[in-house]
Amino acid sequence: MEINKYEAVGLVDVWLSREDQTSQEVQDRLRELYCRCKEEKYTVAVFYSGQQDLAEETSALLRYNRRRFAERAVQREKTRKRQVYR
């Protein structure tokens with residue numbers, strides 16, 4: 001488990017490995033952290049390690065975003081042309 005505190009923005013982030021996710025000790029520590037952070041008015045963000053390949057999933061997400069960006073650009077151009085011809 002890795003814990004990072006960002007005082008300037010009132011945020012604590014917690015990174016859990018696969019092993020951490022099933023540990024009762026880690027879950028107990030998280031509950032204590034939630035209580036402490038609530039008292040100090042910090043937001044807690046917990047990130048869980050996944051089961052899939054990070055590089056492949058990131059690549060797929062980037063490809064999807066690039067395709068959506070292109071599709072939206074085409075839609076904007078079509079809308080712009082329709083408005084010009086009216």
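Full extension of the chain between Glu25 and Asn65 gives 10.5 nm of extra length, using 0.36 nm per residue less the Cα-Cα distance. Taking the protein heavy atoms of the chain in the context of the full set of protein chains, the accessible area attributed to carbon and sulfur is 52 percent at 1.4 Å.
With the charge dipole of the chain set up from +1 on Lys and Arg Cβ and -1 on Asp and Glu Cβ about the Cα centre, the Cα lying farthest toward the positive end among the listed residues Leu61, Val14, Ser49 is that of Leu61. Helical content alone sets the calculated 222 nm signal of the chain at -20500 deg cm²/dmol, taking -39,500 (n - 2.57) per DSSP H segment of four or more residues and averaging over every residue.
Within the shell of other residues whose beta carbon sits under 12 angstrom from the beta carbon of Asp13, the net charge comes to 0, with Lys and Arg scored +1 and Asp and Glu -1.
Counted by Cβ distance under 14 Å from Met1, the other residues give a net charge of -3, where Lys and Arg count +1 and Asp and Glu count -1.
Using a Gaussian network model of the chain in which every pair of alpha carbons under 10 angstrom is joined by a spring, one finds that among Tyr34, Tyr42, Tyr64 the greatest mean-square fluctuation is at Tyr64.
In the calculated pair-distance distribution of the chain, the portion above 20 angstrom amounts to 60 percent of the Cα-Cα pairs. When the label point is put 7 Å from the Cα of Gln52 along its Cα-to-beta-carbon vector, which residues of segment 3-41 have a backbone N closer than 14 Å? Hits in segment 3-41 for Gln52 at 14 Å: none. Each Lys and Arg contributes +1 and each Asp and Glu -1, all at the Cβ; summed about the Cα centre of segment 32-86, the dipole is approximately 960 debye. Of all DSSP beta bridges located in the chain, what percent are antiparallel, nearest 5? Bridges in the chain that DSSP calls antiparallel: roughly 45 percent. Annotation: per residue accessible area for the chain equals 86 Å², rounded to a whole number [probe 1.4 Å, protein chains only].
The values are calculated or read from the model by the stated rules, or taken from the named source; none is laboratory data. On a predicted model such as this, the values are computed, not experimentally measured, just so you know. Every residue, glycine among them, receives a Cβ derived from its backbone with ideal geometry; neighbour counts consider all protein chains shown. Protein only, heavy atoms only, side chains kept; ligands, DNA and RNA dropped before computing areas. Shrake-Rupley method; radii C 1.70, N 1.55, O 1.52, S 1.80 Å.
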